[in-house]
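Undergrad: What follows is a single structure, and I will ask about it in a moment.
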Amino acid sequence: MKLKGSCHCGAVSFEVESKTPQPFMHCYCTICRKTQGGGGYTINIMGISETFSATGTENVSIYRAPMRQHDPTAELAGNMRHFCKTCGSHLWAWCPKYPAYIYPVASAIDTPLPVPAERNHIMLDSKEPWVIVPPDASKHEHQFKQYPDEGIEEWHKKRKLEA
């Protein structure tokens with residue numbers, strides 16, 4: 001599925017092919033929460049790096065977060081988070097450890113995305129108390145204190161949802 005995305009002000013736009021377009025995984029880690037804002041989480045989608053193209057890249061800044069919040073001496077996270085310099089929109093992340101993939105932020109995608117039949121809420125040990133997570137009592141909402149064993153690609157394959 002071809003995904004097209006952009007920042008709020010229009011200075012940056014991008015497109016990428018994705019076999020895993022379901023926005024099912026909500027991450028509540030401090031890095032995602034603080035760099036994305038909104039409901040206290042980020043939703044990333046996985047795209048294929050070799051199909052990625054962007055315009056307005058002169059308006060993109062990159063942030064690598066320290067693994068311990070407010071500790072500038074901490075090891076930096078592998079993910080390189082890309083933002084629009086003008087409006088601050090979080091657009092995508094890329095990690096040199098996994099160069100075949102790029103992770104656009106669902107809120108930056110302009111293409112209509114499929115509605116996932118279920119969602120994973122991950123890194124709940126980092127969730128703020130004001131954030132309300134749907135109960136884990138149904139087969140549609142799943143909660144994880146840290147990362148689940150099943151990643152984005154495995155989740156889509158298991159449910160036969162690859163695009």
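The values are calculated or read from the model by the stated rules, or taken from the named source; none is laboratory data. This is a predicted model, so every value here is computed, not measured. Glycine also receives a Cβ, built like all others from the backbone with ideal geometry; neighbour counts cover every protein chain displayed. Note: areas computed on protein heavy atoms with side chains; ligands, DNA, RNA excluded. Shrake-Rupley method; radii C 1.70, N 1.55, O 1.52, S 1.80 Å.
Undergrad: Give the residue, chosen from T111, T73, that is surrounded by fewer than 18 Cβ atoms within 10 Å (Cβ to Cβ), of a type in the set (S, T, N, Q) and at pLDDT 95 or above.
TA: T111
Undergrad: Are any residues in the stretch 76-87 at pLDDT 95 or above and either touching a Cys at 6+ places or on another chain (Cβ under 7 Å) or outside any strand (DSSP E or B) (or both), and if so, which ones?
TA: C84, K85, T86, C87
Undergrad: Please go through the stretch 114-132 and pick out each residue that is within 15 Å of the chain's Cα centre (by Cα) and open to solvent by 60 Å² or more (accessible area, probe 1.4 Å).
TA: Within the stretch 114-132, just R119 meets the criteria.
Undergrad: Hey, another quick one. Let me confirm something: among P99, P135, which residue is part of a loop (DSSP other than H, G, I, E, B), open to solvent by 40 Å² or more (accessible area, probe 1.4 Å) and in contact with a helix residue (DSSP H, G or I) (Cβ under 9 Å, 6 or more places away or on another chain)?
TA: Answer to the check: P99.
Undergrad: Can you work out which of the residues in the stretch 95-120 that are without any contact (Cβ under 8 Å) to a residue 60 or more places away in the chain and touching a Ser or Thr at 6+ places or on another chain (Cβ under 7 Å) is nearest to L3 (Cα to Cα)?
TA: Residue satisfying both the conditions and the ranking: Y101.
Undergrad: Restricting the stretch 6-61 to residues that are in contact with an Asp or Glu (Cβ under 6 Å, 6 or more places away or on another chain) and part of a loop (DSSP other than H, G, I, E, B), which is nearest to K158 (Cα to Cα)?
TA: K19
Undergrad: Of all residues in the stretch 1-23, which are buried (at least 22 other Cβ atoms within 10 Å of the Cβ) and either closer than 22 Å to K145 by Cβ or at pLDDT 95 or above (or both)?
TA: Residues satisfying the conditions are L3, G5, C7, V12, F14, V16, S18.
Table: residues versus (1) of a type in the set (S, T, Y); (2) in contact with a Lys or Arg (Cβ under 8 Å, 6 or more places away or on another chain); (3) free of Cβ contacts under 8 Å to residues at least 24 places away in the same chain; (4) at positive phi.
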site: C7; (1), (2), (3), (4): no, no, no, no
site: E15; (1), (2), (3), (4): no, yes, no, no
site: K19; (1), (2), (3), (4): no, no, no, no
site: G39; (1), (2), (3), (4): no, no, no, no
site: T42; (1), (2), (3), (4): yes, yes, no, no
site: I48; (1), (2), (3), (4): no, yes, no, no
site: N59; (1), (2), (3), (4): no, yes, no, no
site: I62; (1), (2), (3), (4): no, yes, yes, no
